[in-house]
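To start, the structure itself, in structure tokens.
The values are calculated or read from the model by the stated rules, or taken from the named source; none is laboratory data. Bear in mind the structure is a predicted one, so any value in this text is a computation, not a measurement. Methodologically, a virtual Cβ is constructed for each residue, glycine included, from the backbone with ideal geometry; neighbour enumeration extends over all protein chains shown.
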Amino acid sequence: MRQSQGLLRAAALAGALLAPALAAAQSAPGVTADTLRIGSFGALTGPGYLYGRLVMNGVEAVFDQVNARGGVHGRRLVLVREDDRCEPGAAIAATRKLIHQEQVFALIGGGCSNATIAARAEIEQSGIPFLVFASVHDGITMPRARNIFSTALTSTIESQAQLAYALEQGARRIAVVSMRDAWGRARYQPLMEEFRRRGVSPVADEEITPDANDATPQVLRLRQANADAVIMLLYPKPGAVFLRDAARFGYRPLAIGQSGIADPAAFEEQVGVPGATARFVTISMVRYTPDMPEVAPWRDAIQAKYPGDRLSVFNLFGVGAAQVLVEALRRAGPEPTRERLIEALNGIRDFPTDAFGGGITCTPEDGRCNKTVVWIQKEPGGPIRVIGTTTVR
Amino acid sequence: MLSYLLLSGLTTGSIYALVALGIVLVYKATGTINFAHGDQLMIAGFLAFTLHVLLGLPYLVALAGAVAGSFALGAVAAQVGFRAVLRTSLVNVVLATLGLAFVLKGFARLTWGGISDYLSFPPLVRPEPILIGDMVLLPQQLVVTAGALAVMGLFALFFRLTTIGKAMQATADNPRAARLVGIRVERIHLLAFAVGAAIAGAGATLMAPLTLLYPDIGFMLFIKGFAAAVLGGLTSLPGALVGGIAIGVVEALAAGYIHSSFLEVSAFVAIMATLVLRPRGLMGGPPPRRA
Amino acid sequence: MLEVEHLAVSYGPTRILEDVSFAVPEGQVVSLLGGNGSGKTTVLNALCGMVRPDGGSARIAGEDCTGRRPDEILRRGVAQVPQGREVFATMTVAENLEMGAYARRDRDGVRRDTERVLALFPRLREKARRRAGTLSGGEQQMLAVARAMMSGPRLLLMDEPSVGLAPAVLGDMVATIRALRAEGMTILLVEQNVGVAAAVADTAHVLRGGRIVHSGPAARLLGDEEVLRSYLG
Ligand SMILES: Nc1ncnc2c1ncn2[C@@H]1O[C@H](COP(=O)(O)OP(=O)(O)OP(=O)(O)O)[C@@H](O)[C@H]1O
Ligand SMILES: [Mg+2]
């Protein structure tokens, strides 16, 4: 009896001590009366800055616009950046710091796939809502982690879209040329599955190493197989070598690239043989090129905030992702919690952005919210043009 | 098909040969494999890119600049990095060259890494393919093959006609005797590293239009060049050329007639088979003695 | 011409030469004898700068040259015909001779010496374009002597030039040394073949246990039982 009385008293005391903490917990981490702190990680330095710093700049441009209009439910959005230098270890450290030290409310980020994959476990465990803005590896969003969403295309989506495009264009004899390193396999396997699912098989299936300086044998074998379309699972270097050698033999199939070859203008130079890229199309994650009038406001915003920068597609990745995040924050209501944000993200349906090829749809089953690839092409000597989109399943 | 594949093997083989020449030169003179050779090529390529593309200097000036810059870099690296360890064990020298390779790659990433993923380098000659018989070739491929032959020829003359060239050969042949006749062997070693780097400078500028430039290119070039050098016997300049072309041809034939997935492995199978049958490679003499 | 005093040399922790002193007067042939591994080659290497002595001194024409680099000593007129010939096997006979003159800058002198050497060894003139590695043992030995001569030395250090020579060629070698001596060359001859040493040398020193244990006129060596015994060790 005495003993249970003591216990009760202890419980009451504990309750009194814990009350302020509970009250604090009710207003979620990173949320104050007038601010909302959002964390971002990616490469701020080194060559990976394209998929890091530049994308963050796009996010920040959206945040600035939202803040100028009064914020989200009266709260100003604050972006806290951490550098992962494209390295797995640094990405883990960066997310830990953002979650535990900076106490941000949600994450938007992820540039280099390897780094983001490394940080996935930490993020999934903490339950913080995370919207991936650039990393393309399927392993980041699959298997589904309930708090992880992505507006980046994944390699599987791109592979499926490549085959769909070839068939759409009436190709009858489709060949595959691929690298078989980790990057290439992540695309090759889903591509082969897609071939099976559609009941077609490639007429030729050749390999090129990432460092190859010659693709004559591959070109000859494809030509012998009479392939009229080639799905290229290649980086720009082997891709350029392949198209160069194809042009040497006057062999010009429809050549279908993916976001590994993201800049058709640079690629044309890398191939180096005039006209060799005439039938080359590749995937962009965004439906505008930086010089189109549709993105003029963002161009002005970026160039005003970051003097010396020119608007790039990487900025647009950030614009699109941030617009999705802001919409979900709005829907999460004036008293946001992480759970409410996740719920709101899961409710995004066919949401239009200023960047992506189609509407954004996130579901509790699938965190890959962007399934529309944008096809771009550069006429030799001409500008880069958007020629269409393909939405997969 | 055969003639196309042979020609393709010849042109890629020339790239390998151009790399192998520098490796062989250093090995002959010092008895050391310079693991930084590929990365010296990479740096030289970026140097030429900076001079030619970024600063707009004429191609030949860029070539000369890359050769001179590489020579200087090779000399400094050898003086600072290798000189002390050349006297100790072979393993230390190998480690020193490996260390240099990493330093060079890091430097390139920092300096040129932000421009683009793969830098394109405009060809010396016009970019359209040309027809020779019924064979289609890029003019630049001929330039590389001619360049490999020219570098080899120049070095043959250098070794045959100049006193310093002969002193290098004498040092490679018998370092003890070289010291006895008054050759400063340490200086010859230094010179060999520098000249090896200069060859890398010439090679890089010639092949860059075909290979593109990126910080990681050095390793691939080194591996293929080293394979060519080993196949050729490691001590023979003509061997480097023959070895490079042999590897290029074997790769092209394997990829063309079997499957492209056999390309990588075929070269190494060929090397293993050659070394089992002829342990000194195709044209190799005895290994160099160390001073 | 050469004065060696209290020379001491070690390889790592092993002391090879304890205390070696002898002299080679100008114009004479002095022979250094000793068993296998007694340190004869080490003495020559210390004299021409290939190994650094721990102590003692070597004076060439009065100048202390202890611890100098090989090329510096070569310029002061000391050349070595190394044990085992050590010719540049992949290079031609002519190139071997050219390398012998590597440290020299006087082109005319080199041309004169080339003629002189080729006159001394007519076989080398016949085979000037051949690779040294393809020559017979005797020819290679001649080439090694000729190469050393090309530096224009005043003192020639010869390390067992008789080893591995056919008896007929051995006579040639003895004749060569005599001819060199007649030209006024000073020679330090390391030998295990006591016959050769006795035939050409003025004085002989026997090296054992890192010291000179016997010195005397070379002609008496062959008959001297005690020396032979100590020499055979
Ligand atoms: N570079 C070296 N490092 C260590 N020990 C050495 C080295 N060179 C020679 N020696 C040792 O020093 C001793 C003397 O060698 P050296 O060559 O001077 O003898 P040598 O009298 O010339 O013999 P030989 O008649 O066989 O030519 C030998 O015991 C030998 O093993
Ligand atoms: Mg000896």
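For region A:139-239, please list each of the helices (runs of 4 or more DSSP H) lying entirely inside it that holds at least 1 residues being within 28 Å of the chain's Cα centre (by Cα). Outline the logic, then answer.
Details: elements: A:155-168, A:182-197, A:216-224.
Because the criterion is at least 1 residues that are within 28 Å of the chain's Cα centre (by Cα), the helices (runs of 4 or more DSSP H) in region A:139-239 that meet it are A:155-168, A:182-197.
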As an exercise: evaluate A:Y288 against (1) without any contact (Cβ under 8 Å) to a residue 60 or more places away in the chain; (2) not in a helix (DSSP H, G or I) and give the number of the one condition it does not meet.
(1)
Restricting attention to region C:88-99, does a residue exist that is of a type in the set (A, V, I, L, M), in contact (Cβ under 8 Å) with a residue 60 or more places away in the chain and facing chain B (nearest Cβ under 10 Å)?
no
Is it the case, given these coordinates, that C:L170 is assigned by TED's automatic domain parsing to the domain that holds C:L2 and within 16 Å of ligand 2 (Cβ to nearest atom)?
no
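For region C:7-29, give me each residue that is β-branched (V, I, T) and touching a residue at least 24 places away in the same chain (Cβ under 8 Å).
Filtering region C:7-29 for residues β-branched (V, I, T) gives C:9, C:14, C:16, C:20, C:24, C:29.
The answer is C:V9, C:I16, C:V20, C:V24, C:V29.
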When you check A:A266 against the structure, is it of a type in the set (A, V, I, L, M, F, W, C) and more than 8 Å from every other protein chain (Cβ to nearest Cβ), yes or no?
no
Options A:A262, A:A296; residue that is out of contact with any Leu (no Cβ under 6 Å at 6 or more places or on another chain) and modelled with pLDDT under 90
A:A262
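When you scan region C:100-123, how many residues do you find that are within 20 Å of the chain's Cα centre (by Cα) and part of a helix (DSSP H, G or I)?
Residues of region C:100-123 that are within 20 Å of the chain's Cα centre (by Cα), as a first pass: C:100-104, C:113-114, C:116-118, C:120-121.
Filter once more, keeping what is part of a helix (DSSP H, G or I): C:100, C:113-114, C:116-118, C:120.
Residues in region C:100-123 being within 20 Å of the chain's Cα centre (by Cα) and part of a helix (DSSP H, G or I): 7 in total.
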Go through (1) farther than 19 Å from A:R172 by Cα; (2) more than 8 Å from chain B (Cβ to nearest Cβ); (3) not small (G, A, S) one by one and return the number of the condition A:V230 breaks.
(1)
Of all residues in region C:17-46 being within 13 Å of ligand 2 (Cβ to nearest atom) and aliphatic (A, V, I, L, M), the one that is modelled with the lowest pLDDT
C:L33
Looking at (1) surrounded by fewer than 17 Cβ atoms within 10 Å (Cβ to Cβ); (2) more than 19 Å from the chain's Cα centre (by Cα); (3) more than 20 Å from B:I188 (Cα to Cα), can you tell me which one B:Q79 breaks?
(3)
Residues of region A:297-325 being without any contact (Cβ under 8 Å) to a residue 60 or more places away in the chain and among the hydrophobic types (A, V, I, L, M, F, W, C), in sequence order, are A:A304, A:L311, A:V313
Step by step: first the residues of region A:54-103, then only those that are free of Cβ contacts under 8 Å to residues at least 12 places away in the same chain and of a type outside the set (A, V, I, L, M), then the one that is nearest to A:S126 (Cα to Cα). Which residue is that?
A:H100
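So that you can scan it fast, the table gives a plain yes or no per residue for (1) within 16 Å of ligand 2 (Cβ to nearest atom); (2) of a type in the set (A, V, I, L, M, F, W, C); (3) more than 14 Å from chain B (Cβ to nearest Cβ); (4) touching a residue at least 12 places away in the same chain (Cβ under 8 Å):
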| residue | (1), (2), (3), (4) |
| --- | --- |
| C:R129 | no, no, no, yes |
| C:L157 | yes, yes, no, yes |
| C:P161 | yes, no, yes, yes |
| C:R220 | no, no, yes, no |
| C:G223 | no, no, yes, no |
Is one or more of the residues making up region A:178-186 farther than 24 Å from A:P364 by Cβ and away from chain B (no Cβ under 14 Å)?
yes
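Suppose we filter C:L97, C:L120, C:L74 for residues that are at negative phi and at pLDDT 95 or above; which single one remains?
On the way: C:L120 fails: at pLDDT 95 or above; C:L74 fails: at pLDDT 95 or above.
Unique residue meeting the criteria: C:L97.
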Of (1) buried (at least 18 other Cβ atoms within 10 Å of the Cβ); (2) within 27 Å of C:G34 (Cβ to Cβ); (3) away from ligand 1 (no atom under 16 Å from the Cβ), C:E98 satisfies all except one. Which?
(2)
Of the candidates C:V117, C:V206, the one satisfying the condition of being more than 16 Å from ligand 2 (Cβ to nearest atom) and either of a type in the set (D, E, K, R) or crowded, with 17+ Cβ neighbours inside 10 Å (or both) is C:V117
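So, restricting to helices (runs of 4 or more DSSP H) that lie completely within region B:86-188, which ones have at least 3 residues that are among the aliphatic types (A, V, I, L, M), surrounded by 14 or more Cβ atoms within 10 Å (Cβ to Cβ) and under 22 Å from the mean Cα position of the chain (by Cα)? Please lay out each step first, then the result.
Numbers: elements: B:90-112, B:139-161, B:163-173, B:175-180.
Fully inside region B:86-188 and qualifying: B:90-112, B:139-161, B:163-173.
Scan region B:189-217 for residues that are among the hydroxyl-bearing types (S, T, Y), within 12 Å of another protein chain (Cβ to nearest Cβ) and in a helix (DSSP H, G or I) and jot them down.
Within region B:189-217, the first condition is being among the hydroxyl-bearing types (S, T, Y), and the residues that meet it are B:205, B:211, B:214.
Retained after the next criterion (residues that are within 12 Å of another protein chain (Cβ to nearest Cβ)): B:211, B:214.
Result: B:T211, single match.
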Do you know which residues across region C:46-87 are facing chain B (nearest Cβ under 10 Å) and of a type in the set (D, E, K, R)?
C:R69, C:D71, C:E72, C:R75, C:R85, C:E86
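Taking only region C:62-83 into account, find how many residues are in contact (Cβ under 8 Å) with a residue 60 or more places away in the chain and in a loop (DSSP other than H, G, I, E, B).
Residues of region C:62-83 in contact (Cβ under 8 Å) with a residue 60 or more places away in the chain: C:74, C:77-83.
Filter once more, keeping what is in a loop (DSSP other than H, G, I, E, B): C:77, C:82-83.
Selection size over region C:62-83: 3.
When you look at C:T186, is it more than 14 Å from every other protein chain (Cβ to nearest Cβ) and either within 18 Å of C:V78 (Cβ to Cβ) or within 16 Å of ligand 2 (Cβ to nearest atom) (or both), yes or no? Step through it out loud before you land on a result.
Numbers: more than 14 Å from every other protein chain (Cβ to nearest Cβ): yes; either within 18 Å of C:V78 (Cβ to Cβ) or within 16 Å of ligand 2 (Cβ to nearest atom) (or both): yes.
In short, yes.
Select, from C:G62, C:G12, C:G56, the only residue that is out of contact with any helix residue (DSSP H, G or I) (no Cβ under 8 Å at 6 or more places or on another chain), modelled with pLDDT under 90 and more than 15 Å from ligand 1 (Cβ to nearest atom). Spell out how you get there, then give the answer.
On the way: C:G12 fails: more than 15 Å from ligand 1 (Cβ to nearest atom); C:G56 fails: modelled with pLDDT under 90.
Answer to the selection: C:G62.
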